[in-house]
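Taking it in order: structure first as C-alpha cells, then the write-up.
The values are calculated or read from the model by the stated rules, or taken from the named source; none is laboratory data. Since the structure is predicted, the reported quantities are computational estimates derived from the model, not experimental observations. FYI the Cβ positions are ideal-geometry reconstructions off the backbone, even for glycines, and counts take in every protein chain you see. Calculation scope for accessible area: heavy atoms of the full protein, side chains included, ligands and nucleic acids excluded. Shrake-Rupley method; radii C 1.70, N 1.55, O 1.52, S 1.80 Å.
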Amino acid sequence: MKLQASPAAAHTGPKPAGAAATAKGARRVPGALVNPVAIVWLITLICLPLSRIVSPNFPSVSLVNSVLILSLFMVTVAFGQGLVILTGGIDLSVASVVGLGAFATGVFANAGVPVLAAVAIAVALSAVVGAVNGLFVAYAGFPPFIVTLASGTILASILLGVSRGAPAQRSPAVLADLFSGRIAVAGIPTPIIVLVLVVLLGLLIQNRTRLGRQAYCVGNSVRATQIAGLSVTATLVSVYVVAAAFYGLTGVMLLGYSSGADLNIGAGWLLPSITAVVVGGSAIRGGAGSFLGTVGGAVLLTLLSICISAAGIPEGFRQVLYGAIILIALIGGRFSQRVS
C-alpha cells in the first residue's frame, strides 16, 4: 500500500538532498545563529542562583535534588513527545497513556503479579496504544493530532469504565522506595540515577539507532526518505510505539513517586511534554532537534515550576507560561521558514 505523505505534510518545501545527509545535519534548527542546546542550559544555570529572589532558602543542594528528581518525569514523557515531533507530528494521547501506565501497574501488582511483570505489562499495553496511533497515521494518512486526540479520549473513557470509579491504585512498596527518593546510592537519590539512565537511553535511541536517524529524515521530507529506500510507514509506527512506551513508563514512575495514582495522574503532562521539546530547540514542524536540548528544557521548566510554587504564584500561571512558550515557538518557526 502506498503511503500518503500527510504525516509530514508540513514539510512539503525544498529540503536537503539525501535522507542520510538530512539525518546528520538536521539536529540544529535551520536558520539558528547559535546552538539552542547551549542556550537552554546556559539559561538554566543562570536561573539557579536567581531562584534566591523567590526564596531565601534557594539555591541549595535540596533545591537541586528536587529539580533533578522532578525532572525525571518530564524528561521521560518529553522524550516520547520529542520523537513524534521529529517526524512532523504531535501526540495528544499523552495524558491517557500516562494514566494507563500507572493504573495497569497498580492493578496487576495489587492482584499479586510480580512488580517487574506488572510494569512490563503496563508498558506493553501503552505501546499497543502507540501502535494503534502509528497505524492510523501511517497507513490511513490521518493527521497525527486528530488520531492521538481520538485515541486518548477513547482510552480515558475505557479506563474510567474499567475502574468503575475505584479509588486510586496503591503503589507497590518497591516502586515507592525507588522513585520517592527515600533510597540513595552513594548519596545520590535513586530517581536521579534513573534520570541519568533515561537520558543515556534517549540519546542512544535518538542519535545512535536506525529509528532515530529515520525519524529525522521523515520529519524533513517524506518523499526524500522514500527515494532513499527507507520505510516511512515502519518508521512512523515504531516512533509512536516507542513514544507511548515512554509515556507508560512515566506513569509507572509517577505511581511510585506519589505512592498511589488515580486516572488523572497524567492530566498535567501534555503541555509540559511539548514545551520541554520546543524550549530545547526542536523545530515544532519536525526534522530538527536534540534530546540533550529537550533534557535542558525539562530541567529549566521544572526549576521554574518549583520557583512559581515557592513564590505563591497561582498554579494557572504555569499553564499560561507553557502555552506562551509554545506560541512563541510557532511564531519563531514561521519566521525562520520565511527567512530561509
Residue-wise, which Karplus ³J(HN,Hα) couplings in Hz belong to region 182-189, taking 6.51 cos²θ - 1.76 cosθ + 1.60, θ = phi - 60°, and x for glycine or proline?
6, 9, 10, 10, 6, x, 9, x
Computed for the chain: size of charge dipole around the Cα centre, +1 on C-beta of each Lys and Arg, -1 on C-beta of each Asp and Glu, debye to nearest 20, value 880 debye
With the other protein chains left in place, how much accessible area per residue, in square angstrom, belongs to region 29-157 at a 1.4 angstrom probe?
41 Å²
Dipole of the chain [Lys/Arg +1, Asp/Glu -1 at C-beta], most positive-end residue of SER62, SER259, GLY289
GLY289
Projected convex hull area of the chain, Cα atoms, direction-averaged, in nm², equals 17.3 nm²
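Just want to confirm a number: the relative contact order over the chain, from Cα pairs under 8 angstrom separated by 6+ residues, in percent. List each step's numbers first, then the result.
On the way: 625 pairs, mean separation 119.2, N = 340.
That works out to 35 percent.
Carbon-plus-sulfur fraction of the accessible area of the chain, 1.4 Å probe, in percent?
Values: 10640 of 15120 Å².
Its accessible area is 70 percent carbon and sulfur atoms.
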List the residues whose amide H sits under 5 Å from the amide H of LEU92, counting only those 5 or more places along or on another chain, with H placed 1.01 Å from N in the peptide plane.
THR148, LEU149
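Sequence gap at least 6, Cα distance under 8 Å: using those rules, report the relative contact order of region 127-255 to the nearest whole percent. Intermediate values should be presented prior to the final figure.
Working: 91 pairs, mean separation 56.2, N = 129.
Reported as a whole number, the value is 44 percent.
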In percent, what relative contact order does region 249-327 have, based on Cα pairs under 8 Å that are 6 or more apart in sequence?
26 percent
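Taking trypsin sites (Lys or Arg not before Pro) that fall in a DSSP loop and have at most 15 other Cβ atoms within 10 Å as cut points, what is the longest piece of the chain between them? Kindly include the intermediate steps, with their values, before the conclusion.
Working: sites that count: LYS2, ARG164, ARG182.
The longest uninterrupted stretch comes out as 3-163.
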